[in-house]
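Following: one structure in structure tokens, then a few remarks.
The values are calculated or read from the model by the stated rules, or taken from the named source; none is laboratory data. Values in this document were obtained by computation on a predicted structure and should not be read as measured data. Using ideal geometry, Cβ is built from the backbone for each residue, glycine included, and neighbour counts are taken over all protein chains shown. Note: areas computed on protein heavy atoms with side chains; ligands, DNA, RNA excluded. Shrake-Rupley method; radii C 1.70, N 1.55, O 1.52, S 1.80 Å.
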Amino acid sequence: MNVNRKTLLRQFQKHVLMSVEEYRKMVMFRQAFNYFQENKNQSNLTEIALFSMYYDQAHFIKHFKAITNETPSTLLNKISKIGNEDTYWYFD
């Protein structure tokens with residue numbers, strides 16, 4: 001592509017509205033959600049964390065709380081999937 005790394009990162013930030021690192025974290029977070037929904041009765045937090053490429057369960061919980069202000073076990077049990085799309089609903 002013959003593009004400087006810094007230029008590529010700047011363009012990514014401009015078009016996606018987040019850095020590559022932030023995007024990677026959101027992908028991990030979303031992957032954890034999807035994995036939990038597919039394996040609701042068969043998975044525990046450690047399994048979800050490792051599948052989603054977190055270092056360990058503590059890293060998963062810390063990252064999850066930073067995004068949602070709730071622990072994974074609390075929030076994941078409140079989430080419902082309606083329809084066939086990857087849209088999740090949180091009813092308080």
Karplus 3J(HN,Hα) series, Hz, for the stretch 35-46 with 6.51 cos²θ - 1.76 cosθ + 1.60 (x for Gly, Pro) = 5, 4, 5, 6, 10, 3, 8, 10, 10, 10, 4, 5
In Hz, Karplus ³J(HN,Hα) per residue of the stretch 8-19 (6.51, -1.76, 1.60; θ = phi - 60°; x = Gly, Pro) = 4, 5, 5, 5, 4, 4, 5, 8, 9, 6, 7, 6
ask   = How about LYS14: which lysines have a C-alpha closer than 29 Å to its C-alpha, ignoring those fewer than 8 places off in the same chain?
value = LYS6, LYS25, LYS62, LYS65
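Within 11 Å, Cβ to Cβ, of ALA49, how many net charges do the neighbouring residues add up to if Lys/Arg are +1 and Asp/Glu are -1?
-1
Once you sort the root eigenvalues of the Cα gyration tensor of the stretch 23-66 as a ≥ b ≥ c, which label holds: rounded (a/c under 1.5), prolate (a/b larger than b/c) or oblate (the other case)?
oblate
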note = Computed for the chain: size of charge dipole around the Cα centre, +1 on C-beta of each Lys and Arg, -1 on C-beta of each Asp and Glu, debye to nearest 20, value 460
ask   = Quick one: if the Förster radius is 22 Å, what FRET efficiency do VAL16 and THR68 give, using the C-beta to C-beta distance and rounding to 0.05?
value = 0.60
task = Quick one: among LYS40, LYS14, LYS65, which has the greatest mean-square fluctuation in a GNM of the chain with alpha-carbon springs under 10 angstrom?
result = LYS14
task = Might you tell me the accessible area per residue for the chain, computed with a 1.4 Å probe and given in Å²?
result = 76
inquiry  = With angles folded into 0 to 90 degrees, how steeply does helix 57-68 sit against the dominant principal axis of the chain? Use alpha carbons for both and round to 10.
reply    = 80
message = Only Cα pairs within less than 10 Å get springs; with that Gaussian network setup on the chain, which residue of LEU45, LEU75, LEU17 has the largest fluctuation?
response = LEU17
task = Given the options MET53, MET28, MET18, state which has the largest fluctuation in a GNM of the chain using a 10 Å cut-off (strictly under) for Cα springs.
result = MET18
ask   = So what's the Cα pair-distance distribution over the chain, bin width 10 Å, in %?
value = 15, 41, 27, 13, 4, 0
